[in-house]
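Have a look at the structure below, then the notes.
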Amino acid sequence: QVQLVESGGGLVQAGGSLRLSCAVSGNIFSISAMGWYRQAPGKQRELVAQISSARSTNYADSVKGRFTISRDNAKNTVSLQMNSLKPEDTAVYYCRVVIRSAYWGQGTQVTVSS
């Protein structure tokens with residue numbers, strides 16, 4: 001059993017910052033990829049950022065230069081620092097990790113007001 005608990009969502013004005021965190025617990029052998037996805041109302045879930053076990057990263061074009069993903073392997077956590085937030089960043093953000101299979105968090109709401 002693997003559990004993912006996300007935190008850090010909320011309401012922020014455009015131009016502001018938020019930091020999302022995801023803590024992974026349970027039957028963990030080795031976490032490979034860790035990432036954040038988001039889903040806005042009426043849209044498909046999309047990749048925001050991903051980080052490998054070797055700490056290589058990739059970002060959606062829409063967040064490059066504004067968001068930074070990081071991971072702490074000792075604590076089994078992955079974080080997403082979001083700066084210069086825009087109203088179009090409003091969505092439910094989901095943590096995803098791969099441990100042989102993919103596991104998802106429950107999602108955390110991020111709302112950016114104009």
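The values are calculated or read from the model by the stated rules, or taken from the named source; none is laboratory data. Quick caveat: nothing in here was measured; it's all calculated off a predicted structure. Ideal geometry is used to build each Cβ from the backbone, glycine not excepted, and the neighbour counts take in all protein chains shown. Heavy atoms of the whole protein, side chains included, go into the accessibility calculation; ligands, DNA and RNA do not. Shrake-Rupley method; radii C 1.70, N 1.55, O 1.52, S 1.80 Å.
Values for this structure:
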| quantity | calculated |
| --- | --- |
| For segment 1-106: accessible area per residue (Å², 1.4 Å) | 53 |
| Length-normalised contact order for the chain - Cα pairs under 8 Å, 6+ apart - percent | 36 |
| Gap separating the Cα centres of segment 1-76 and segment 94-108, nearest whole Å | 9 |
| Cα shape, segment 32-90, gyration tensor, a/c 1.5 rule | prolate |
| Which of 2, 29, 68, positive extreme of dipole for the chain (C-beta unit charges) | 29 |
| Net charge dipole size for the chain [Lys, Arg +1 and Asp, Glu -1 on Cβ; Debye, nearest 20] | 160 |
| Accessible area of segment 1-90 belonging to carbon and sulfur atoms, whole % at 1.4 Å probe | 47 |
